[in-house]
Structure formats: structure tokens, C-alpha cells
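The values are calculated or read from the model by the stated rules, or taken from the named source; none is laboratory data. Keep in mind that what you see is a predicted model, and the values were worked out from it rather than measured. Here the Cβ positions follow ideal geometry from the backbone for every residue, glycine too, while neighbour counts run over all protein chains shown. Keep in mind that these areas ignore ligands, DNA and RNA; they rest on the heavy atoms of the full protein, side chains included. Shrake-Rupley method; radii C 1.70, N 1.55, O 1.52, S 1.80 Å.
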Amino acid sequence: MKIVVLDGYTENPGDLSWENLEKLGEVTVYDRTAYAEDPMIAERIGDAEIVITNKTPISKATIDKCPNIKLIAFLATGYNVADYNYAKEKGIPVVNVPTYGTQIVGQYAVGLLLEICSHYGHHDQTVKEGKWESNADWCYWDYPMIELYGKTAGIIGLGRIGQATAKILNAMDMKVLAYDAYESEDGKKLAEYVELDRLLGESDVIFLHCPLFPSTEGIINKDNIAKMKDGVILINNSRGQLVVEKDLADALNSGKVYAAGLDVVSTEPIKNDNPLLTAKNCLITPHISWAAQASRQRIMDITVANVKAFLDGEPVNVVNK
């Protein structure tokens, strides 16, 4: 079968191999195609039967222009850029990679918090600029040093990634609260499930680890921020649309929110008019929580397995059954 990869660069910038995928068919890999509706998408798919994408959208119009499509496979967990309901009508399974970066995303979330608490990068830079060498004292710090021991962390969304974060927080002797529509026995071993208002009111740090649903879109807004402790820290490496960015920027600038560590924003790549770019104490990284080589290798391996299972007549990880 003909297989086309529409936007393979972020998955494999050159440190992985497409070799195992190439064993399954005639493979064409494009580094980038488009991140919005574009005629080029259908042109590049052509008569391919298997389409592999990450963020390049697969719309109803594209599906209609490419009648040979038999499988749409995502190099990611999220699949909302495909019209998966229409694909189902056309008998096209859409498959994803449901679990690949649980540990690294939890690690990254806590890493954002630790950077906010201690500003490692800033102090490293000042030492190399000569500030320590010329300092009158044997040490200095340019920001308040924050100890996390004994503080309360609230996790909104205690699924696999939320639990990975909770394990690290437990090891740091933090109290962990969680809000989730579905409580699990595994979750109860790591955190105390509470109502959202209690989590907002008691947490010194709030982590967002929930999916983007209509019920969670904009969950961090001015009304919910008002319920939070003064000086709370917010960490989001889940989905940018969970946050009303103007409301968070206002809260950072007023000091209501002490700091935010963000790996995602509402529109990616970020736009130059995003209010968080100029907000106080806002650390932003370019959606890289998932990007460790080991994590990307798992994406590659699971995607190859998804394609092979489809070719064997037993598709797995289908999101539009």
C-alpha cells in the first residue's frame, strides 16, 4: 500500500528511522504540509491508502478528494484535527497513540514548577556574566526561593499523566488534591479527590492535566482564578485552550497568580499578540513536554504497530469505532 506521512519532522527530525514503516508499504514522508485547510494536503495524499499525520488536518473535503484513503493514523494522542466522524461514515478507521509520554510529560510539568521556584537558568546566566565573581557576599538570589515541602498541589485531571505527576509530588512531601470527573482506585492512592472549588481554594500550585472538552475549555478563567489563593502557581502542559489567556495574563500582572509555567498556548505556534508573552512571571516553552527521543520512539513504534494491525485486518487504537 501507499503510505504518506504529511508532517513527519517534529516526530523525526533525523534522530529516528522510518525503516520499520517502510517495510509495510511504499512510504513518502513530508517534513511539513499545512496546519490549516489547504489544497496541498489532498495533493500530497493523492492516491495513498494510508495517511499518517500529527497536526496536519484531514477534513471532509480532503477525504472526499482522496477516495483511496483506507486508514488515518495519528503520530499523537490528539486526533481532533481530523473529521473522524465523517471518516467513520466512509468506513475509514482513525487510529492514535493513546499512551507514549506519560512519564516525560509528568516530569516536564514538575520541571516547569522547579524552574519557577528556583530560577536555575537565570542564576546560571548571571554567574557566567560575572555577577557571582564580583558579588560582595558568598551567595545571592534574584528571586524568592520557594520551598515546596508541605505545600498543597492541586491536579485537575488525574488520569495517567496526572498520576505520574502526583507520584513525583508525593515524593517531594507535598499534599496532593485532585479533581476529576472519574475517580479511580489508583488515583485515590496518590491524591485526595475533592470538588473543584476546594482544589482552587486550597492549592499553592495547580497543574492542568485534563483533556480538552467543552466542559474543560476555559476552565482557568477570571471567575475560577478569583477562587484561588493569592500567589498561586499555575502549570499547564496539557492544552492551551484550557486557559482564558487574557484572564491569566491579568492575574499574573496583578500578582494574584504569582507565576505560570506553560508548555502550550491556545494557538500554536504562538502569535505575537498573545497577552502571556508580556505577562509577569510567565515561563513559556514551545510545546516540547512530549519531545524526548525515547518518547518519540514510542510514538514511532506504536504507529508502525497501528498500521501493521490494520493491514492484518485487526485495527487497534481506533478512536471512531
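Based on C-alpha pairs under 8 angstrom that are at least 6 apart in sequence, the chain has a relative contact order of 16 percent. Only protein heavy atoms count here; under a 1.4 Å probe, F213 has an accessible surface of about 110 Å².
For the chain, the share of alpha carbon pairs falling in successive 10 Å distance bins from zero is 6, 24, 28, 23, 14, 4, 1, 0 percent.
If the only charges are +1 at each Lys and Arg Cβ and -1 at each Asp and Glu Cβ, what is the size of the charge dipole of the chain around the Cα centre, to the nearest 20 debye?
Details: 31 positive and 44 negative charges, 83 e Å.
Roughly 400 debye, rounded to the nearest 20.
For the pair D15 and A181 in one chain, pulling the backbone fully straight at 0.36 nm per residue adds 55.9 nm over the alpha carbon distance. The slack between N170 and D273, meaning 0.36 nm per residue of separation minus the straight C-alpha distance, is 33.3 nm. Would you please classify the overall shape of the stretch 1-143 from the alpha carbon gyration tensor, given that a ≥ b ≥ c denote the square roots of the eigenvalues, rounded means a/c under 1.5, and beyond that prolate means a/b larger than b/c while oblate covers the rest? It is prolate, given that a/c is not under 1.5 and a/b is the larger ratio. Using alpha carbons only, how many angstrom separate the centre of the stretch 208-256 from the centre of the stretch 63-142? Result: 18 Å between the Cα centres. Subtracting the Cα-Cα distance of E129 and Y143 from 0.36 nm times their residue separation leaves 3.3 nm of extension gain.
Measuring with a 1.4 angstrom probe and ignoring ligands and nucleic acids, Y149 comes out at about 150 Å² accessible.
Just the protein heavy atoms count here, and of the accessible area of the chain at 1.4 Å, carbon and sulfur take up 51 percent. Per residue, the solvent-accessible area of the stretch 121-193 (1.4 Å probe, heavy atoms of protein chains only, all protein chains present) comes to 64 Å². With helices as the sole contributors, the chain gives -9000 deg cm²/dmol at 222 nm; each DSSP H run of n ≥ 4 counts as -39500 (n - 2.57), and the sum is divided by every residue. Largest mean-square fluctuation among D31, D137, D273, in a Gaussian network model of the chain whose springs join Cα atoms under 10 Å apart, belongs to D137.
Within the assembled protein chains, the solvent-accessible surface assigned to L24 is about 40 Å², based on a 1.4 Å probe.
Where both residues lie in the chain, what percent of DSSP beta bridges are antiparallel, nearest 5? All intermediate terms of the calculation are to be shown ahead of the outcome.
Numbers: 1 of 39 bridges.
If we restrict to bridges inside the chain, about 5 percent are antiparallel.
Across the stretch 121-162, the residues whose backbone nitrogen lies under 17 Å from the label position 7 Å along the beta-carbon direction of N281 are 121-123, 141-149, 151-154. Ordering H123, H287 by accessible surface, largest first, gives H287, H123; the 1.4 Å probe counts only protein heavy atoms, with every chain in place.
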